[in-house]
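The values are calculated or read from the model by the stated rules, or taken from the named source; none is laboratory data. Not measured: the values here are computed from a predicted model. The protein model used for the area step is the full one, side chains on, heavy atoms only, and it has no ligands, DNA or RNA in it. Shrake-Rupley method; radii C 1.70, N 1.55, O 1.52, S 1.80 Å.
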Amino acid sequence: IDEESAALRRILSAVYTRRNALSLSCRIPPEVLATIFAFCRDDSVEDAERLPVHSESRLDSHRNWIRITHVCRRWRDVALDCSSLWWDVDLAYGPDWMEEIITRAKNTPI
């Protein structure tokens with residue numbers, strides 16, 4: 001039953017991916033999406049910098065733009081592939097998340 005359930009999840013995922021590919025937002029070229037994501041990131045970072053370093057509100061503000069990566073697989077792929085989106089390493093994230101951001105930044109100056 002577990003194998004059948006996993007197979008169904010894979011099929012549904014493929015169906016959702018195909019459906020999402022038909023939406024207008026998924027037809028936006030990746031470089032345009034990356035530019036839009038950069039504006040969202042910059043706004044979130046500016047908001048976060050106004051808050052105390054180790055506050056939950058600061059983390060929430062930083063996380064706001066990262067929610068973009070949860071919209072659909074294509075948006076996630078575009079955001080994760082765009083190393084310039086991951087230049088900001090905030091100590092409030094903790095060591096594990098900071099390591100992930102550094103990995104995503106690739107060769108982008110941090």
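One table, with the values for the structure above:
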{"quantity": "Heavy atoms of residue 87 accessible to a 1.4 Å probe, total area in Å² rounded to 10", "calculated": "80 Å²"}
{"quantity": "Full-extension gain in nm, residue 6 to residue 84, via 0.36 nm per residue minus C-alpha separation", "calculated": "24.6 nm"}
